[in-house]
Amino acid sequence: MALESLDSSGLELLNFRPATTEEGSAHATVFATSDGLRKLQQKVSEFQSKNRLKKDDTVGRPYHANLIQGIHSIAEAALRSLWRSEANRFPAPNINAQWEVWIRPDSETTFRFAAQQAGIHLSAETLKFPEDTIVVATCNRAQMAQLVAGRGEVKALAVLATLPSFFDDLPPEDQADWVNSLTSNTQYQFGHDPSFVTVLDTGVSRAHPLINPVINQADRHSANLEWTVEDNRGHGTQMAGLAIYGDLTLPLQSGLPLSVRHRLESVKIYPDAGLNQHYLLGAITEKAVDFAETTGDRRRVFSLASTTDQDTPHDGAPTSWSSAIDKICFGSNDGESNKRLLAVSAGNTDQNKFMSMNYLEVCDSQEHELESPAQAWNAITVGAFTEKSTLSEESDGVAYAPVGDLSPSSRTSSWNSTWPLKPDVVLEGGNWCYSGFFPPLKHQDLQVLTTHHTFPQRAFCTIGETSAATALASRQLAMLWTEYPELWPETIRALYVSSARWTGQMLSHLPANALKSDYEALFSRYGYGVPDLPRATKSAANSLTLIVQDSIVPYAKSSKKGATNIVNNELKLFELPWPEAALRELGSTNVTLRVALSSFVQPNPAEASRGKKYLYASHNLRFKLNRANEDVTQFVSRISDEALEEEDEQIIDSSPDGWRFGVNRRDVGSLHIDELTCRASDLARRNFIAVHPVAGWWKSKKVVGTEPKGVRFALIVEINAEAAEIDLHTEVANSIALQVPISVDSQS
């Protein structure tokens, strides 16, 4: 075969299998554009009809003889044509298998949408290389064939070749060889102002070659000067490996170049022996943050994979530790500076409680509610789901939880809507193995691979649960912040959490024609779902994200003569730069609008016993979108009425607005997300969005002085036309510079 001719303009060689004894012919799989196919047809025609002339004018070989004579037949590629692993490892029919799918780097968004439409689960984590992006798909052979047919995104398919146990079970010298291979293939591109993941844990070992390049000796601290900074327990180094590289299984087995752009800090919050006193947990965390910040002003993602069961059950109410977390995130009392981004784990279940296959019932019980400080308003609370289902051939069990569902180790929220429903997001936390006996057991193949603290005695180990999920979330947050260093912590939180979506398996728990109340079970287990870093980072042509960073003065003294009371002060009104003409052309085509509002609150836990969300938070903000038939005057008037109704704790029916989740889900905590799907022509008329205050303890306690307190907020507005033929990004970019915010004095 003339392979060079099969990898030319309009043709791309995807796979080549040389001839074997079993297969007498070699096989090449080629992706052809329409232009490439036309050129190939032309070469076949010229081979049949034209001969080259030799120097002596005698007839020579036909045109393109090297190419055409080497081809026995041409046919549309079958699924096996894309298979690059051993033939005997091709998945059997009618069983769910995990496939490595190699796709074009610029096609991930469209491929994920196609997979979602086909009901195929794709891994949240990806491997990105200059010419390839690798995702893991879970489906049967027929589903994969349907997904691949007629699509140009897929370049190759392969078996999920190496399981974590392969690396975990290697002798130390072989593990060291794999470490050397990965370090030689890794480029550390920190730049002059990198983002940091600050691991608040048992310390981090710099002896490991994968850890040493990303953390300086001066960036290791302890919350107590009597403690060492070394990791003698191991958990912190495990978190560090995941926070930098993610699950090491894929980058180790691929052998392809890897780029790392963020760095690491460590603050030890555990004593060298024993445990901290329960009443000290909040204070120790505050000290840890202070020690980290002695090295200067950096973009830090604080990662806390530590919780306590001493406050359980708390039913969602603030505790001393969760209030300390909210205080840390809020920062200085001026409400404007020193904000902090912090990810905290949801806490882990008791494995001995699982005595049936209905594991979700156990996870949903009050006995397994999220542990403190995971109920903190301002933190990103991370639960766990799992995509792990493949066990080695030597294992005699099966995966306990379905792919795409809650990890059995993840705790959930069981409280009412007074407090924020947590977690915010879920990431990989591993699965358990069921072999016919209860309780099911943890298994290394169903966990993630990370760094061990005793290098060179040991380089790798496996870990799971919500600790692993929190470290993975911290990594993605640092990567997002590296991409957009000018954004605030409030904005990064909103972008990241709003990017999350529920998997098909999660959505399968909803009834047909689900009501708003039916989503409560999904929120209490999975939060908003699995974050999508590409979605958070970039807008596709038919979808885009608008970002607003602004401040608002929520309360002020009444301007009425003789009045001393504190009132709601102002609202911010934004005209959305919708491409009205383009949206009207789409007519009845559905588009989806998703809005996220993020602001850090100053906590007042003394009021928590009253069970009223307006008395814990310094301020509470809400967003509203005008209705299709509502002008600005009517819109502002409605906002004022609804704000007062909410403060009086009246039930607000949001059904006329068409929001998917509604106020009971949306209007709690300090992060508010909702979405609506409507006709494009209707959305063209819904072009005003407002941010306004409702009551908070700053208002009820009359703490507003001569200079009213201002607070920052981030507003994220995402519009998605799905498969519609419209270039939203370009349309909006042409008009966005003309838009300005409108500040409205509400005085209500």
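Values quoted throughout were computed directly from the atomic coordinates according to the rules given, and no laboratory measurement underlies them. In this text the structure is predicted, and so the values were computed from the model without any measurement. Using ideal geometry, Cβ is built from the backbone for each residue, glycine included, and neighbour counts are taken over all protein chains shown.
What to note about this one:
- Structure note, pairs Lys538/Lys709; Lys612/Lys699; Lys327/Lys422; Lys268/Lys327; Lys128/Lys268: Cα-Cα distances above 23 angstrom occur for Lys538/Lys709; Lys128/Lys268.
- Degrees, to the nearest 10: 34-49 long Cα axis against longest axis of the chain: 0 degrees
- Remark: spin-label model distance Ala283-Asn212 equals 3.9 nm, labels positioned 7 Å along the Cα→Cβ axis.
- Inter-site label distance for Trp227 and Lys560 at 7 Å from Cα along Cβ, in nm: 5.4 nm
- The simple Förster model, with R0 at 22 Å and r as the Cβ-Cβ distance, assigns Thr33 and Thr730 a FRET efficiency of 0.40.
- Relative contact order (%) - the chain, alpha-carbon pairs under 8 angstrom, separation at least six: 12 percent
- Distance-filtered residues of the range 240-254 - backbone nitrogen under 17 Å, label point 7 angstrom along Arg298 Cα→Cβ: 240-245
- Label selected from (i) 14, 30, 22, 19, 11, 4, 0; (ii) 17, 53, 27, 3, 0; (iii) 16, 46, 29, 7, 1, 0, the criterion being P(r) over Cα pairs in 20 Å bins from 0, in percent as computed here: (iii)
- Qualifying trypsin sites (Lys or Arg not before Pro) for the range 481-568 [loop in DSSP, other Cβ within 10 Å: at most 12]: Lys560, Lys561
- Distance between the pseudo-spin-label points of Asp309 and Gln366 (7 Å out from Cα toward the beta carbon): 1.7 nm.
- Listed peptides 224-237, 258-271 by packing density, highest first (mean Cβ within 10 Å): 258-271, 224-237
- Virtual paramagnetic centre 7 Å along Cα→Cβ of Thr418, amide N under 11 Å, in the range 287-321: 315-318
- Per-residue Cβ neighbour rank within 10 angstrom, fewest leading, Phe385, Phe291: Phe291, Phe385
- Long-range HN-HN contacts of Ala556 with modeled amide H, under 5 Å: Val567, Asn569
- For the pair Phe113 and His192, the difference between a 0.36 nm per residue extended length and the Cα-Cα distance amounts to 24.8 nm.
- FRET efficiency, Ala606 to Asp132 (Cβ-Cβ, R0 35 Å, nearest 0.05): 0.05
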